[in-house]
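A quick write-up on the structure given underneath.
What follows draws every value from the coordinates through simple rules; no lab data is involved. As the structure is a prediction and not an experimental result, all values here were calculated from the model. Cβ: placed from backbone, ideal geometry, glycine included. Neighbour counts: every protein chain shown.
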Amino acid sequence: MKIKVLGPGCAKCSEVERIVKEAVAESGKAVEVEKVTDMQEFMKYGVFSTPAVIVDDQVKAVGKVPGKKDVLGWING
């Protein structure tokens, strides 16, 4: 599984990255987390508002900070 956190580096984007990493650690699963700051990459997913979370190439959250419970739900399916 691969999770991408899209954002230019704002405070909310950093918070989302922290929440995602905590959820991954808590899940105990092998999940690759990537921070993406390239606007061209955002557009590939149709994302125009950050932060955004992409799980296995599916957009899960845009323009908001998801809770750890949400992220764990995405990881555990």
Which net charge results for the neighbourhood of residue 19, defined as the other residues with beta-carbon distances under 11 angstrom from its beta-carbon, given Lys and Arg at +1 and Asp and Glu at -1? 0
Inter-probe distance in nm under a simple model that places probes 7 Å from Cα toward Cβ, at residue 18 and residue 69: 2.0 nm
Please list, or write none, the aspartates and glutamates whose alpha carbon is within less than 17 Å of the alpha carbon of residue 69, excluding same-chain residues fewer than 8 places away. 15, 17, 22, 26
Restricting things to alpha carbons, find the Rg to Rh ratio for segment 32-74 using the Kirkwood radius for Rh. 0.94
Given the DSSP H assignment, sum -39500 (n - 2.57) over each helix run of at least 4 residues in the chain and divide by its residue total; what's the result at 222 nm in deg cm²/dmol, nearest 500? -12500 deg cm²/dmol
Take the chain, drop everything but the C-alpha atoms, weight them equally and run the Debye formula without solvent; then report log10 I(q)/I(0) at 0.18, 0.27 Å⁻¹ to two decimals. -0.61, -1.37
q = 0.20, 0.21 Å⁻¹, segment 1-46: log10 I(q)/I(0) [Debye, one scatterer per Cα]: -0.66, -0.71
Sites residue 26 and residue 59, calculated FRET efficiency, Cβ-Cβ separation with R0 30 Å, nearest 0.05: 0.85
